[in-house]
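The structure appears right after this line, and notes come after that.
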Amino acid sequence: MQTISTDVLVIGGGATGLGCVRDLAMRGMRAVLVEKGDLTNGTTGRYHGLLHSGGRYVTKDPQSATECAHENAILRRVMPHCLEDTSGFFVITPWDDPSYGDIFATNCRKTEVPVQEISVAEMLRREPALNPQISRVFEVPDGSADSFLAAHTNALSARTYGAQILTYHRVVELIRTGDHVVAAVVEDLRTSERTYVECGFILNAAGAWAGQIAALAGVKVTVVPGKGTMVAMSHRMVNTVINRCKLPADGDIIVPVHTVAVIGTTDIHVPDPDVYGIEPHEVRLMLEEGEKLVPGFSQYRALRAWAGVRPLYKDQDVANDRDISRTYKLLDHQQRDGVDGIISMVGGKWTTYRLMAKDAVDTIAQRLGNTRPCRTADEPMPVPDFEHRGGNHAGAGAEKLYWLGKPLAAVEEEHAYGDLICECELVSRDRVHAAIASGASNLDDIRRDVRMGMGPCQGGWCIYRTTALLYEQRAQAAENASADRPAFDIEHANAAMLHFLQERWKGLTPVLWGDQLRQARLDELIYVHVLGAHRLSAHAEQGGGLVTDER
Amino acid sequence: MNYDTIVIGAGIAGMLAAIGRAEAGERVLSLSKGHGTTHWATGCLDLFDIGNADPLAGIESLIVHHPDHPYALAGIDAVESGAERLRAACEAGGYPLVGSLRRNLQMPTAVGTLRTTCLVPVTMAAGDARQLPRQGDGRGPLLIAGFHELRDFFPPMVAANLRTLGFAAEAAYLQMPPHDRTLDFSTVSLARLFDQPAFRADVGRQLRQLVQHGTYSRIGMPAVLGLANATQVVSHIQSAAGALIFEIPTLPVSVPGIRLYCALEAALLRAGGRIQVGSFVQRAEGKGRRLEAIYSEAAAREQRHYAARYVLATGGIAGGGVRADHAGALVETAFGLPLRTPNARTDWFAVRFLSRSGHPVFRTGVAADAGLRPLDAMGHVVYENVAVAGSALAGCDPIREGALEGVAAATGWKAGRL
């Protein structure tokens, strides 16, 4: 077994873990991050994409609200390319208690969430599709975020500062000497090779899986996996984040993000963060609630449904999962459990990931005698290679924020019309190549990098094209294969195609009706009738098993 | 204007029905929302996928065991004569289909697997898997050639998968010959370039060099080798290259499918039929067991059409002839005919996208009698003067059964000859 040595081992490649590993590296500590899937494979890659103003928490969770308000302003400064400035409305519909409006506005001011009431006429001027029966509207600085891009941005910066990030590595054992955790054994899930990681400290940032990691150290942490189901609609029927002005409930928010509008969410306790499905009644509920905000909502084309698991930390008895605080909690296991060398960062939300990282790294730095200050609130972040280069706004100040027209403007600047691998999401061949070069090893990784396969056709054309590009690029690289880059042959590529087709199918089946059902049949025509993909031979464990008689 | 027959839908089923009636001397109108599945599919005729066995014999046995299957409704005579009429239409367009209804072919696909089909255009004939060089058989290997600029065909992947099947296959990208298009290469725009003699001569020269160095015996290329006169284009490239050339169907838009449609369109116009594309038939008026009139929508107004008989060939869910709403209701979009569907929405799909049995929802269609007349749930004829053809019929999954064009041709032709 190979041994590596580091100051800090971060477990979990979501927003929190990546924020931590970057902060550690920026303060000069040696840091390694392990993630059992691809980056953002967990909850970070499965949320609706809201950059919170804090408005949703002003009443029930004021501390969270204030944290969100501050972090919102910081993130706009340091990672503008990951954020769209959509603004946000909190609206009182006929189904909501009208007296909550004044409470909401007062609580916003108390929690430092910028708020301004606007007229219904102004609301309808800016968002004509909204329900005209809405009685009051409050505007807050909500935005939408590309959590995939943000994760890669943090990873890129962390690597530049010397951190090491190992994806598809699972922690199989934490080694204790007495009451001190001193090392971890991690397994490369692609090669089954194990590595012994000696470390001064372990930072458990495994989110919904943090309880499982803590258990490896003999420590009990109760994380309640709260399933949130979301549906992406193919139109941005609104360009502003729309929240119901009431205490948070199911299906009360529409987030316009990239080319779609996402409605969320449910909140259902699930026993296991790896095992959950999407129930038809959840999708129905989303559409019904959507109708209250945007009449006709259920007639738009639904693209896919998916769910993520919120990592809610439960340290006392709370009856309802929605009542668990959304703020984060740093668990110092030395003080809490008498076990040194490990801390867990649990709870929280995407918008506050940077603050969570700062707090966790402050604690570790103090323990390891590092006195360098945190700089993540000030230092702007780099842009990954697979991101659009062009398409920036000419306007002063706002030029770096993402905007809806940016991908098309970039394609026009680069004259890449004829080179689009994914037409729905305007993904050019160069960007797919860059994603593969940056380490993406299957189609799902590439999707998270460049959004291929996420538009209306759900991969009908681009799955075939991207598989071929992956094969061509990786087969060339495999001629000088190494431990870092295992050999890649056509059966790996076939497996990647079959696996991705099945992943898309999982997201599609809950929303297949109307045009999207027709699209699914067209995709079947392409992959079965035209391509005969059901006859591909693939490495069984990676996708060959996906063509079955099973119903 | 009064017609004897109005055919709704312009895929293979609708076009053959219209041709049949027009050739019988009727005044025929073909009314469609757009083009049919021809433009998405391979441009071959898939009859019945039972591997290497005799497909026609397979259908004869299917008819005995599944009397509700569209092939059973059409009858074995229409299966044969429908395919032959399609073949004759292509032949007349100088684009013959080759093969025999008694023997399936295995043809390479754009991922490098083999697909089962029955009749293929002559431009694909040399791709018959039985004739392809195998590893170690001493023949010059197969070359799969394409263009970087075309995003719908990737030679290295095709060749690599063919090698896993034991074929001797290599891949090459060709230089795009000089041309005046700069922005985009779709299958159709590339096919138009191949119609130009200078363009294909340049490709032929490149292939000749490759053949001389690599001793290739056959060359597989994306199915973009000409739109208007593909047979001639392939024969030119073949003599320039000094090796047999065959086309492989690409991702849609399907150039061979467009050629097939053009052959059918020419046959219908020759027979005096009228074609109106861009009209979406959305409702119909019946009186008792007769359909009286139908209404199409185009350019923001309804148009009313009358005929003595109607043929519904609007396709299934893929063609848009059947539509589902989010509550799980399925409707036939043109006349509102009763549908035979799987039970509940929870039964619509298999867990696996590529599950061999397919997805039950795609077997949804109109039940019909031996005269292809639509039936209600009780088995009573809904309209005496309507025939249903093609994928709009219940009782089969034409894609999964490898019978997409076969069912269309058999039932379409039967509707044209009733």
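Just so you know, all these numbers are worked out from the coordinates, no wet-lab data involved. Everything numeric here is computed off the predicted structure, so don't read it as measured data. Reconstructed Cβ throughout: ideal geometry from the backbone, glycine too, with neighbour counts over all protein chains shown.
Values as computed for the structure displayed
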quantity	calculated
Net length gained if the chain between A:A73 and A:T177 were fully extended (0.36 nm per residue, minus Cα distance)	33.1 nm
Chain B: most fluctuating residue of B:A394, B:A83, B:A318 per GNM, C-alpha cutoff 10 Å	B:A318
Over the range B:202-341, relative contact order from alpha-carbon pairs under 8 Å, at least 6 apart, %	14 percent
Proximal aspartates and glutamates relative to A:K292, as straight alpha-carbon distance under 18 Å, when same-chain residues fewer than 8 apart are discounted	A:D96, A:D97, A:E127, A:D250, A:D252, A:E282
Average partner coverage of B:341-351, which counts Cβ from other chains inside 10 Å	3
Alpha-carbon centroid distance for the pair the range B:22-73 / the range A:138-210, whole angstrom	56 Å
For the protein assembly as shown, with +1 on Lys and Arg beta carbons and -1 on Asp and Glu, the positive-most of A:T43, A:L501, A:G277 along the dipole	A:L501
Average other protein chain Cβ within 10 Å of Cβ, residues B:111-123	3
Neighbourhood charge, 12 Å Cβ-Cβ cut-off, centred on B:N104 and excluding it, Lys, Arg +1 and Asp, Glu -1	0
Nonlocal amide H pairs with A:G459, under 5 Å, H built at 1.01 Å	A:G453
Dipole magnitude (debye, nearest 20) for chain A, charges at Cβ of Lys, Arg, Asp, Glu	440 debye
Residues B:H35 and A:Q299, FRET efficiency given R0 of 25 Å [Cβ-Cβ distance, rounded to 0.05]	0.45
CD proxy at 222 nm, helix term only [per DSSP H run n ≥ 4: -39500 (n - 2.57); per residue of chain B; nearest 500]	-9000 deg cm²/dmol
Rule-of-thumb Rg ratio for the range A:406-546 [Cα; 2.2 N^0.38 Å; N residues]	1.06
Selection of trypsin sites (Lys or Arg not before Pro), the range B:1-107, meeting DSSP coil and at most 13 other Cβ within 10 Å	B:R102
Proxy reagent accessibility, fewest Cβ within 10 Å first, across A:T265, B:T109, B:T164	B:T164, B:T109, A:T265
Relative packing of B:116-126, A:406-416, A:365-375, which averages over residues the other C-beta atoms within 10 Å, highest first	B:116-126, A:406-416, A:365-375
Local electrostatic count at B:V322 - Lys and Arg +1, Asp and Glu -1, tallied over other residues with Cβ under 15 Å	+2
Dipole magnitude of the range B:110-248, debye to nearest 20 (Cβ charges: Lys/Arg +1, Asp/Glu -1, about Cα centre)	320 debye
Relative contact order, percent, the range B:291-414 [alpha-carbon distance under 8 Å, six or more residues apart]	24 percent
Within the range A:213-270: Cβ-based charge dipole about Cα centre, in debye rounded to nearest 20 (Lys, Arg +1; Asp, Glu -1)	60 debye
Residues B:D195, B:D347, A:D252, sorted so that the one with the fewest Cβ neighbours within 10 Å comes first	B:D347, B:D195, A:D252
At 1.002 mPa s and 20 °C, Stokes D of the range A:163-315 from Kirkwood alpha-carbon radius, µm² per second	118 µm²/s
Percentage relative contact order, chain A, counting C-alpha pairs under 8 Å, at least six apart	16 percent
Exposure proxy ranking, count of Cβ atoms within 10 Å, fewest first, for A:E282, B:E405	A:E282, B:E405
Under 14 Å from B:K33, Cα to Cα: aspartates and glutamates that are on another chain or at least 8 residues apart	B:E297, B:E302
Loop-resident sites, the range A:135-219, for trypsin sites (Lys or Arg not before Pro), counting at most 11 other Cβ within 10 Å (DSSP)	none
Dipole of chain B, positive end: most advanced residue of B:A53, B:P121, B:V28 [Cβ charges, Cα centre]	B:P121
Stretchable slack from B:R356 to B:R139, in nm (0.36 nm times residue separation minus alpha-carbon distance)	74.6 nm
Pairwise label distance in nanometres, A:D102 with B:S239, each label 7 Å out on the Cα-Cβ vector	9.3 nm
Computed helical MRE - 222 nm, chain A, DSSP H runs ≥ 4 contributing -39500 (n - 2.57), nearest 500	-10000 deg cm²/dmol
Partnerless cysteines, meaning none of the other Cys C-beta atoms lie under 4.7 Å away, in chain A	A:C20, A:C68, A:C82, A:C108, A:C199, A:C245, A:C374, A:C424, A:C457
Computed label-point distance, nm, for sites A:S438 and B:A24 using a 7 Å Cα→Cβ extension	6.3 nm
Partners for A:K400 among lysines (Cα-Cα distance below 30 Å; same-chain residues under 8 apart left out)	A:K349, A:K358
Neighbour net charge for A:A163 - beta-carbon separation under 9 angstrom, K R +1, D E -1	+3
